[in-house]
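The values are calculated or read from the model by the stated rules, or taken from the named source; none is laboratory data. As the structure is a computational prediction, the values presented were derived from the model and not from experiment. Note: ideal-geometry Cβ built from the backbone for every residue, glycine included; neighbour counts use all protein chains shown. Keep in mind that these areas ignore ligands, DNA and RNA; they rest on the heavy atoms of the full protein, side chains included. Shrake-Rupley method; radii C 1.70, N 1.55, O 1.52, S 1.80 Å.
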Amino acid sequence: MATDGERRLLDAAMTEFSERGLAGARVSRISERAGANKQLIYAYFGDKDGLFDAALEKNNLDLNAAAPLDPHDLPGWVVTLFDYITAHPEVMRLTLWQFLERPESVNANIERDYGPYLEGVAEAQKAGELTNSISPLDLIVILSGMATSWYYAFATVRSIPGDTTWSDETLDRHRAALHEAARLLVTRSSN
């Protein structure tokens, strides 16, 4: 179990890393944000890289806890994932920094990290609840891409005059569109 100091350092690190990435982050700013001695970073996490790895792990754990994949309600999962990402944009920023600065850490162990999800989707496909014309892995990847698409497209959308990208009305409309698109994608064809 993490100590209060570890949790504060990790929370501060997640903020710092999501804002500046691994290369731009400074342990002095992290320790200052956490109200802790920077030597504790080395004691708890080894070094800045170890702290970054711990922040990435916490990011993934928090995301998976907030938006657990339900193979029996994939459209609902897409909307839950979208809502979490919208409420916590630092999740996507930290993930992008991981892709840019630590691409080797992105090579997830498919069986370990996605095995239960893949099995659940495969079982739902076998039971006739979901289309079986798309592999479980491809289905999860496509659906998670749909959930994150608003975050990635917002810069383009913001260039539209009268931008309402983050208004409640726009987000509600997009949420409904996501649910319907996911429902259509996963629906088993009668052909």
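Summary table
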quantity	calculated
Single condition Asp53 does not satisfy, out of (1) more than 18 Å from Glu101 (Cβ to Cβ); (2) in contact (Cβ under 8 Å) with a residue 24 or more places away in the chain	(1)
First in segment 133-144 and free of Cβ contacts under 8 Å to residues at least 60 places away in the same chain, second anywhere and outside any helix (DSSP H, G or I) and surrounded by fewer than 17 Cβ atoms within 10 Å (Cβ to Cβ), Cβ under 7 Å, 6 or more apart	Ser133/Ser189
Odd one out for Ala25 among (1) at pLDDT 95 or above; (2) closer than 18 Å to Leu94 by Cα; (3) open to solvent by 80 Å² or more (accessible area, probe 1.4 Å)	(3)
Scope segment 29-46; condition surrounded by fewer than 19 Cβ atoms within 10 Å (Cβ to Cβ) and farther than 20 Å from Glu101 by Cα; matching residues	Glu32, Arg33, Gly35, Ala36, Asn37, Lys38, Gln39, Leu40, Tyr42, Ala43, Tyr44
When residues of segment 146-166 are limited to those that are open to solvent by less than 40 Å² (accessible area, probe 1.4 Å) and of a type in the set (S, T, N, Q), the one modelled with the lowest pLDDT	Thr165
Listing of helices (runs of 4 or more DSSP H) fully contained in segment 1-50 that carry 1 or more residues being among the aromatic types (Phe, Trp, Tyr) and touching a residue at least 12 places away in the same chain (Cβ under 8 Å)	4-24, 39-45
Out of Glu111, Glu104, Glu90, Glu57, sole residue that is of a type in the set (Asp, Glu) and either modelled with pLDDT of 90 or more or outside any helix (DSSP H, G or I) (or both)	Glu90
Residue among Asp4, Asp83, Asp11, Asp49 that alone is under 30 Å from Ala124 (Cα atoms) and either surrounded by 14 or more Cβ atoms within 10 Å (Cβ to Cβ) or not hydrophobic (A, V, I, L, M, F, W, C) (or both)	Asp83
Candidates Pro75, Pro89, Pro68, Pro116 - the one that is under 28 Å from Arg175 (Cα atoms) and buried (at least 18 other Cβ atoms within 10 Å of the Cβ)	Pro75
